Structures are given as C-alpha cells and as structure tokens.
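The values are calculated or read from the model by the stated rules, or taken from the named source; none is laboratory data. Note that the coordinates shown come from a computational prediction; the quantities given were computed from them, not determined experimentally. Backbone-built Cβ (ideal geometry, glycine too); neighbour counts: all protein chains shown. Each accessible area value is taken on the protein alone, full model and side chains, heavy atoms only, with ligands, DNA and RNA left out. Shrake-Rupley method; radii C 1.70, N 1.55, O 1.52, S 1.80 Å.
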Amino acid sequence: MTPSPSAAATPASGGPALRRLLQALENTVLGQPQVVADLVTAFLARGHVLLEGVPGVAKTLTARSMASALGLGFTRVQFTPDLMPSDILGTNVFRPQDNAFQLVKGPVFTEVLVADEINRTPPKTQAALLEAMEERQVTIDGTTHPLPAHFFVVATQNPLELEGTYPLPEAQLDRFLMRVRVGYPPPEAELDMVRGFHQRGGKAAQVERALDTPTLLELQTRASSVACDESVLAYAVRLIRETRANPRVRLGASPRSAQALLAAAKARAALNGGDFVTPDDVKAVCPSVLNHRLLLKAEAEVEGLTADDVLRQTLERVQVPR
C-alpha cells in the first residue's frame, strides 16, 4: 500500500464519536490504519471508495466492518460477466393478483453497498451502478426512486488478474472520491489477525455499532462546513495544475478533481478534530483522491513510473503555504 505523505488519523482524533468509530474499525481491520482513515474520510465527505488489492487482504471485511460500526444496512454483490443492470437496480414485476406492476428493488437500495470485483462485469452494468452513485437515485421504467441518505459504495478490484475483466473508463473512475490501495499488514498485525481467528474458532470478528444516525448526519455536516483559508485553497489548485504541467502525464487532474481534493481534505480535518483545513490535510488525502485521475504517457509507463510516483513528485515540488 502506498504510504500517505502524512500520518493516518489516530484513534485519539476527531472527538469522542469519531474516536469510537476509528477504534471499532482498527480493532477489526488490523494493521491498516491508512485504509481505515481513508474510508472514514470518504464517508464523511459523502463520497465513494474503490478498494484495490490482491485477494485476501480484507477488502470486504473492511467494508462490512464499516457498515456495522456505523449501524447501516449492508449488501454485498459479487460482480460477474453475466450480471445485468436490472440485477443491480431492480425491476418492475407484474403481479396478477393485483393486476399491477410492483417494483422489486435490487441490492443498490441499501446504505453500504460492496461491489466486489466491479471490473468483472460488463460496462452497461458498471454504468448503471456508477449513475446511481453520482445521482443517488435510480430510474426504472421512467420512475425515479431515491436511494438512502447514507448511500455509500465500496467497490473492490484485483489489480493483478486482468483476464476477462472490463477496466473502468477514466470518466467512470472519476465517480469514486478515492481509490485506496490495500496492501499486506505488517508482521505483528498479521500475527494478531491469525491469533484472533484461532481464538474465535474460525468465526468472523464482530463489530459493535459505534455511532447513531443523528451523530452520522452531524459529523457529515460538520465535515462539509470546516473552514479553509484562501492560501490552502490556492495550494490545492496548484497541486492540481502541477499534474497537468508534468511532461510525463498525458491527462492531468481536472477542476472537478480539485473539488474532490478539497472535500476530502475538509473531511480529513474533521476526522483529525480540526476546525480548519491545513496543508497537511490536503497532502494526506492527495494520493488516494488523485491516483486514479491521472493518465501517464506511454513512455513513462514503460519506465515503470506510476501515478503515485507523479503525485509524490508533485507534493515535493509545490511549495506549502506558511
């Protein structure tokens, strides 16, 4: 997993409610504090997350634990090549006894949706889900149905097994606030993980609810209203524009990326218990917010350069406001 330029949020951050949430998640998702911090940040910013990592690094467990800690409804969908849009959204079914059509809602009508291996389903089904993510509503046979207020998508994909997959186009990747890379945990955390599995007799760890619904709304509202000085706004925009000026980059970050970077930085500031955004908050979320929004030139990829490398260079080059 690519390290952030600054430390992940700690369980001592963000007030009692967020301390409880972070503690509940880190007690279950061992050795992944940055992943936990990014996931909570995206939720506070009302965004969605793409978790990328090899099988077995607890991507689904992380999403399930998040739903349990937030006290939200959870649905997991395994994306396959034969999955149709109606399998996700739902469909109207005729009921002879009522002589009328009735909507049978699909799994998208939930609060936390895990879209496992989203790149294994055809583009038409991907687009149906991504439209729901953007609009937070679903239109079926001309009727619009709103999704729950806390609708939060955590999609996963394996970056190594690409045979028989349908990579998400850049325009659809942009619907995700963050792409979070999930790596292997450190040795001590992996030992604790195996020890806990043994002590529970092979059963999954249980996560207790840490927040109630009014508190969730309050935290999201607070995150959106965190103050941001003009100098920090200018710093975020300079970072975005620097990605476009990089000679190794074919397509840099867009103005919408700047808005996403600001929203995530405000949420990270709230998570850290701050009342205003600092440059460190911007730097902390920059890799996960921008690493899927850059397209490198072919020669840069041949040299082994990645978007994360470009972002590290960008953070080093752009002067931090004092």
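List of remarks:
- Flag if Thr2 is touching a helix residue (DSSP H, G or I) at 6+ places or on another chain (Cβ under 9 Å) and at pLDDT 90 or above: no
- Leading residue by the ranking (farthest from Gln34 (Cα to Cα)) among those in region 168-191 that are touching a residue at least 24 places away in the same chain (Cβ under 8 Å) and loosely packed, with under 14 Cβ neighbours inside 10 Å: Pro169
- Hits in region 92-138 - residues which are part of a loop (DSSP other than H, G, I, E, B) and touching a helix residue (DSSP H, G or I) at 6+ places or on another chain (Cβ under 8 Å): Gly106, Pro107, Val108, Glu111
- Per-region count, region 208-244, residues under 30 Å from Arg64 (Cβ atoms), among the hydrophobic types (A, V, I, L, M, F, W, C) and open to solvent by 30 Å² or more (accessible area, probe 1.4 Å): 1
- Any hit, region 97-109, residues being over 29 Å from Ala265 (Cα atoms), at pLDDT 90 or above and β-branched (Val, Ile, Thr): yes
- Condition check for Ala67: within 15 Å of the chain's Cα centre (by Cα) and either closer than 15 Å to Thr156 by Cβ or at pLDDT below 90 (or both): yes
- Any chance Arg76 is at pLDDT 90 or above and in a loop (DSSP other than H, G, I, E, B): no
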